[in-house]
Protein chains: 2
Amino acid sequence: MNQPLTLGDTFKQAEYRTAGNGPRDVNVLLEALQGVSGDTPSDMYGRGETIEKFERKLADMLGKESAVFFPSGTMAQQIALRIWSDRKGSQSVAYHPLCHLEIHEQDGLKELHHLEPILLADEDRLIALDDVKKLPENVACLLLELPQREIGGELPDYAEIEKISAYCREKGIALHLDGARLFEILPYYGKTAEQVSALFDSVYVSFYKGIGGIAGAMLLGDADLAQQSKVWKRRHGGDLISLYPYILSSEYYLDLRLPKMAQYYEEAKELAALYNEQPNIRTRPEVPVSNMFHLHLSGLSAEAAAPIIASVQAQTGVALVAYLKEIGDTACATEIAIGDLYESVPKEKLREAIRLLGRRLSDAQG
Amino acid sequence: MNQPLTLGDTFKQAEYRTAGNGPRDVNVLLEALQGVSGDTPSDMYGRGETIEKFERKLADMLGKESAVFFPSGTMAQQIALRIWSDRKGSQSVAYHPLCHLEIHEQDGLKELHHLEPILLADEDRLIALDDVKKLPENVACLLLELPQREIGGELPDYAEIEKISAYCREKGIALHLDGARLFEILPYYGKTAEQVSALFDSVYVSFYKGIGGIAGAMLLGDADLAQQSKVWKRRHGGDLISLYPYILSSEYYLDLRLPKMAQYYEEAKELAALYNEQPNIRTRPEVPVSNMFHLHLSGLSAEAAAPIIASVQAQTGVALVAYLKEIGDTACATEIAIGDLYESVPKEKLREAIRLLGRRLSDAQG
């Protein structure tokens with residue numbers, strides 16, 4: 001028992017978790033399959049009722065002509081940008097410096113499609129209309145990520161998106177939505193998925209972020225884009241003979257959790273407010289605009305903060321932080337995304353844990 | 001009841017099936033998950049015990065340093081060829097004109113990787129050492145497909161592969177095995193997977209051909225190739241957060257059906273012999289060398305042959321042919337791959353069905 005407790009272990013062992021929907025294990029698949037008849041036929045290379053019905057459902061939900069299911073967003077978004085690039089005959093596209101395609105995909109967009117991204121705005125703020133106005137006219141596509149995950153899930157004013165959309169239409173720049181967390185932002189905007197999607201020429205949504213599925217993505221747009229995206233899906237090696245394990249689980253968890261997005265959003269605001277009561281803890285955004293936010297601890301490195309948080313988690317049985325990321329030398333941060341588990345954390349225990357964390361962080365900072 | 005019976009319907013409705021392992025439906029997944037504990041953790045972006053154990057198992061089985069699980073063979077093989085191309089600094093690769101990469105992948109190899117394939121041999125025969133000797137020295141990689149699926153699953157003599165392998169090593173041409181059906185050919189060669197793989201620098205195997213899984217592939221080779229292939233897997237959009245539905249089912253069906261490959265091979269020879277007794281039916285190869293062969297009907301178009309076969313299937317309750325492919329104007333063919341179902345077809349019923357088919361085809365040909 002003299003081993004120092006790690007952040008990960010105490011997070012996993014705690015009785016209550018503030019974030020997520022529970023462990024990513026085989027039960028996630030088993031639960032999704034419970035109501036599925038064993039003689040449901042597989043999709044076959046993108047065809048068949050299992051896949052086509054789900055594609056139709058999403059196309060209708062987002063008000064787009066067509067939808068194509070993909071194994072991953074990485075594949076879907078590279079392909080969307082490639083299609084817009086081919087249509088305009090320009091390899092120039094634009095996105096935020098912390099765009100998933102720029103930092104998490106081993107430069108697939110450049111290595112496989114030879115597209116040349118222009119990085120708009122900077123790492124610390126959102127893309128604004130003024131940034132977009134500086135783009136050269138030959139840009140084929142602008143990608144907006146809503147919310148901007150890597151800066152805590154910030155969102156522009158809805159009016160700003162409308163202006164960017166109108167500007168792009170006027171200039172013949174296709175506007176693509178990285179909507180990995182589209183469903184998560186609808187309560188804040190008070191808009192439907194169809195209303196938000198109407199501002200974009202193509203949209204990608206994910207089924208394993210707030211929705212909590214196993215994997216899978218959908219690309220939506222006009223019928224030509226859908227048709228071309230299927231050709232590229234085959235080229236990428238994503239046109240599997242059977243995608244049904246992802247399709248069936250995506251649909252199951254979409255139906256289950258779409259109605260809970262407003263609740264997650266309210267809970268994220270509640271949890272962020274509790275953290276912000278502590279003098280040495282700040283959330284970004286200060287008031288969340290979706291189910292997610294980043295937690296920033298200043299004055300302590302990740303190495304120094306981890307055992308403190310671990311001790312609080314072990315003592316209170318409330319899991320707050322699963323991992324820490326270094327921010328410079330004397331600050332660290334983590335990401336929190338609210339899911340099913342938050343509501344079962346007793347409020348008094350939660351307050352006690354966060355107060356204890358604040359106190360111990362103060363003690364450590366001297 | 002006056003609707004003409006279709007080939008597909010009578011194939012599906014027949015009591016007995018000569019080919020395959022049964023319908024591709026959700027039961028395939030449910031069966032594979034029966035023995036899996038619900039708290040088995042997901043793989044996470046290519047890491048974790050679920051994926052690493054299976055990769056190690058295949059690497060050991062094939063005697064290769066490393067193995068990487070892929071969602072598809074399309075992705076795995078393009079990437080293998082790209083890595084060999086980068087190592088040699090040459091975009092030139094070589095394969096058969098009916099190679100999967102040439103005819104089934106929407107030219108992904110060319111469109112995404114800009115490789116330039118040289119087509120060896122011709123559509124009607126296998127690649128021989130003499131073809132390989134004509135290759136220019138700058139060829140980075142030669143892909144051999146064993147068995148050559150699109151010509152009925154033919155195989156070269158084992159000694160010919162050994163000679164090609166020795167020649168390629170001498171010339172510094174990487175030899176890659178399209179082993180989508182590697183396990184299916186081992187009984188004919190009387191070799192282990194490790195012995196065959198030793199002749200190749202990299203190997204791809206599939207888990208949904210003879211193995212009958214849901215989807216999934218493995219790429220095997222040296223540790224550098226494995227490491228680089230993971231970078232390209234991320235770029236292609238195949239590095240999913242969770243591939244476990246494919247991994248767990250691939251392992252389950254590999255364990256289940258690997259020991260049955262010799263039986264399928266014997267059954268394929270038995271079934272082909274029954275067909276070849278009919279004057280108007282020929283198999284290719286005449287004597288199968290794996291669990292598969294093609295069935296050729298001469299003197300009749302697919303349109304003319306289909307209702308004849310459908311009537312035989314409806315009358316006898318034995319499913320022989322699921323679909324027909326036109327070969328010129330007056331011949332047609334289909335592919336047959338033996339799986340679990342063949343052994344449950346009563347032999348007398350099978351002989352009766354094939355004799356009836358021969359007779360009706362003769363009547364139709366006049």
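The values are calculated or read from the model by the stated rules, or taken from the named source; none is laboratory data. Keep in mind that this is a model prediction, so the values were computed, not measured. With ideal geometry, Cβ positions are generated from the backbone for all residues, glycine too; neighbour counts draw on all protein chains shown. Remember, those area values only see protein heavy atoms, side chains included, never the ligands or the DNA or RNA. Shrake-Rupley method; radii C 1.70, N 1.55, O 1.52, S 1.80 Å.
Of everything listed in (1) open to solvent by 70 Å² or more (accessible area, probe 1.4 Å); (2) in contact (Cβ under 8 Å) with a residue 60 or more places away in the chain, the single unmet condition for residue A:82 is (1). Hey, any hits in segment A:326-338 for a residue that's closer than 19 Å to residue A:149 by Cα and in contact with a Cys (Cβ under 9 Å, 6 or more places away or on another chain)? Scanning segment A:326-338 turns up at least one residue that is closer than 19 Å to residue A:149 by Cα and in contact with a Cys (Cβ under 9 Å, 6 or more places away or on another chain). Of all the listed residues (B:59, B:14), the sole one being over 18 Å from residue B:225 (Cβ atoms) and either open to solvent by less than 60 Å² (accessible area, probe 1.4 Å) or of a type in the set (Phe, Trp, Tyr) (or both) is B:14.
Just one of the listed residues (B:28, B:36) is part of a loop (DSSP other than H, G, I, E, B), out of contact with any Lys or Arg (no Cβ under 6 Å at 6 or more places or on another chain) and within 13 Å of another protein chain (Cβ to nearest Cβ), and it is B:36.
Picking from B:256, B:271, which residue would you name as being of a type in the set (A, V, I, L, M, F, W, C), open to solvent by less than 10 Å² (accessible area, probe 1.4 Å) and over 21 Å from residue B:100 (Cα atoms)? From the options B:256, B:271, the qualifying one is B:271. Would a scan of segment B:294-305 turn up a residue that is hydrophobic (A, V, I, L, M, F, W, C), open to solvent by 30 Å² or more (accessible area, probe 1.4 Å) and more than 14 Å from chain A (Cβ to nearest Cβ)? Within segment B:294-305, one or more residues are hydrophobic (A, V, I, L, M, F, W, C), open to solvent by 30 Å² or more (accessible area, probe 1.4 Å) and more than 14 Å from chain A (Cβ to nearest Cβ). Would you mind finding the one in A:111, A:105 that is within 14 Å of another protein chain (Cβ to nearest Cβ), modelled with pLDDT of 95 or more, more than 13 Å from the chain's Cα centre (by Cα) and closer than 28 Å to residue A:249 by Cα? It is A:105.
On inspection, residue B:230 does not qualify as of a type in the set (Lys, Arg), away from every other protein chain (no Cβ under 14 Å) and surrounded by fewer than 23 Cβ atoms within 10 Å (Cβ to Cβ).
Of the candidates B:65, B:116, B:137, the single residue that is touching a residue at least 24 places away in the same chain (Cβ under 8 Å), open to solvent by 70 Å² or more (accessible area, probe 1.4 Å), within 21 Å of residue B:236 (Cα to Cα) and more than 14 Å from every other protein chain (Cβ to nearest Cβ) is B:116.
Scanning segment B:342-366 for residues that are crowded, with 16+ Cβ neighbours inside 10 Å and aliphatic (A, V, I, L, M) turns up B:345, B:350, B:353, B:354, B:356, B:357, B:361. For residue A:159, the conditions (1) open to solvent by 10 Å² or more (accessible area, probe 1.4 Å); (2) more than 23 Å from residue A:64 (Cα to Cα) are fulfilled apart from (2). Residues of segment A:201-215 that are aliphatic (A, V, I, L, M) and either more than 11 Å from every other protein chain (Cβ to nearest Cβ) or open to solvent by 10 Å² or more (accessible area, probe 1.4 Å) (or both): A:203, A:205, A:211. One residue stands out among those in segment A:68-85 that are under 11 Å from residue A:228 (Cα atoms) and touching a Ser or Thr at 6+ places or on another chain (Cβ under 6 Å): the one that is nearest to the other protein chains (Cβ to nearest Cβ), which is A:79.
Could you pull out the residue among B:45, B:16 that is more than 8 Å from every other protein chain (Cβ to nearest Cβ), over 30 Å from residue B:343 (Cβ atoms), of a type in the set (Ser, Thr, Tyr) and out of contact with any His (no Cβ under 7 Å at 6 or more places or on another chain)? After applying the criteria, what remains is B:45.
The single residue among A:30, A:58 that is among the aliphatic types (A, V, I, L, M) and free of Cβ contacts under 8 Å to residues at least 12 places away in the same chain turns out to be A:30.
All of (1) assigned to a helix (DSSP H, G or I); (2) open to solvent by 10 Å² or more (accessible area, probe 1.4 Å) hold for residue B:125 with one exception: (1).
Do we have residue B:275 as closer than 30 Å to residue B:327 by Cβ and over 21 Å from the mean Cα position of the chain (by Cα) here? Yes, satisfied.
For the structure I just gave you, tell me whether residue A:50 is open to solvent by less than 60 Å² (accessible area, probe 1.4 Å), more than 13 Å from every other protein chain (Cβ to nearest Cβ) and β-branched (Val, Ile, Thr). Considered against the rule, which asks whether it is open to solvent by less than 60 Å² (accessible area, probe 1.4 Å), more than 13 Å from every other protein chain (Cβ to nearest Cβ) and β-branched (Val, Ile, Thr), residue A:50 comes out as no.
Taken as a whole, the condition of being small (Gly, Ala, Ser), touching a helix residue (DSSP H, G or I) at 6+ places or on another chain (Cβ under 9 Å) and within 30 Å of residue A:164 (Cα to Cα) applies to residue A:268. Taking the criterion of being in contact with a helix residue (DSSP H, G or I) (Cβ under 9 Å, 6 or more places away or on another chain) and open to solvent by 60 Å² or more (accessible area, probe 1.4 Å), the residues of segment B:25-36 that qualify are B:31, B:34, B:35. Filtering segment B:234-247 to residues that are under 22 Å from the mean Cα position of the chain (by Cα) and either more than 9 Å from every other protein chain (Cβ to nearest Cβ) or closer than 18 Å to residue A:111 by Cβ (or both) leaves B:238, B:247. Per this entry, residue A:180 is counted among residues that are among the hydrophobic types (A, V, I, L, M, F, W, C), within 22 Å of residue A:124 (Cα to Cα) and within 18 Å of the chain's Cα centre (by Cα).
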